[in-house]
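Here's the structure we're looking at; comments come further down.
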Amino acid sequence: MASPEALVSALADPARLQFFARVCTADDGLPADAAAAKLAKRLVDAGLVTAEGGRYRAVPGVFRDALTKAPADPLDALFRRGRLVSIPHSGKRRQLLLESLAERFEPGRLYTEQDVREKLSMVHDDHATLRRYLVDDGLLQRSNDGGSYGRPSEARVAG
């Protein structure tokens, strides 16, 4: 279930909004074609539209469902089918997200850049941005040569 914010964000682009309106007013949905795929992807990820049987169809009740119950975990709204669909630019939700991602790395263990890339790619395609945010926020530390990463130890955090 998408959050109200995710639904509004998906419809914020005028071209996507117009496409969504066409999907909603089509009796049997719109044919899925390559030209519409880019517009439809974000709407499908947000849960506004389905792509089944070669047609795009609106999901009835998506707005009502988004408003009826808030997610138990504030991070749930950022994920769809186990994948991160949006990275908050700042604030408490971003901090919670980064702390959650940092927990994927064992304290006291060193990881290669490839290891970090693999772990973060499982969550989001832009693994480099996530890695940079983790390092910038001090949740991961990079070696001086840039070849390895690890969680900061309590002694380093305190000192």
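For the reader, a short list of remarks on this structure follows.
- With every protein chain in place, region 1-64: carbon and sulfur % of accessible area (1.4 Å): 59
- Residue ranking by accessible heavy-atom surface, 1.4 Å probe, largest first, among Phe79, Phe105, Phe20, Phe63 comes out as Phe63, Phe79, Phe20, Phe105.
- When all alpha carbon pairs of region 90-159 are counted in 5 Å bins from zero, the resulting P(r) reads 3, 17, 30, 28, 14, 6, 1 %.
- Sparsely packed trypsin sites (Lys or Arg not before Pro) within region 11-78, loop by DSSP, other Cβ within 10 Å at most 16: Lys69
- Added length on full extension, which subtracts the Cα-Cα distance from 0.36 nm per residue, His89 to Val62: 7.2 nm
- Helix-only arithmetic for the chain: the sum of -39500 (n - 2.57) across DSSP H runs with n ≥ 4, divided by the residue total, places the mean residue ellipticity at 222 nm at -13500 deg cm²/dmol.
- Extension gain from Asp27 to Glu106, taking 0.36 nm per residue of separation minus the Cα-Cα distance: 23.2 nm
- Over region 26-159, the Kirkwood radius and the radius of gyration, each from Cα atoms, give a ratio Rg/Rh of 1.10.
- Solvent exposure, largest accessible area first (probe 1.4 Å, DNA, RNA and ligands not counted), of Ser100, Ser3: Ser100, Ser3
- Computed over protein heavy atoms with a 1.4 Å probe, the accessible surface of region 39-159 works out to 61 Å² per residue.
- Candidates Leu67, Leu139, Leu48: whichever shows maximal mean-square fluctuation once the chain is modelled as a Gaussian network with Cα springs under 10 Å: Leu67
- Portion, in percent, of the accessible area of region 66-131 that falls on carbon or sulfur, probe 1.4 Å: 50
- Computed over the chain: relative contact order in percent, which uses C-alpha pairs under 8 Å that are six or more apart: 18
- Shape call, region 41-82: gyration tensor on alpha carbons, a/c limit 1.5: oblate
- One compactness figure for region 1-90 is 1.08, namely its Cα radius of gyration divided by 2.2 N^0.38 Å.
The values are calculated or read from the model by the stated rules, or taken from the named source; none is laboratory data. It should be emphasised that the depicted structure is a prediction, and the values quoted were computed from it without experimental measurement. Positions of Cβ are generated from backbone atoms using ideal geometry, with glycine treated the same way; all protein chains shown enter the neighbour counts. Surface accessibility is based on the protein's heavy atoms, side chains included, excluding ligands, DNA and RNA. Shrake-Rupley method; radii C 1.70, N 1.55, O 1.52, S 1.80 Å.
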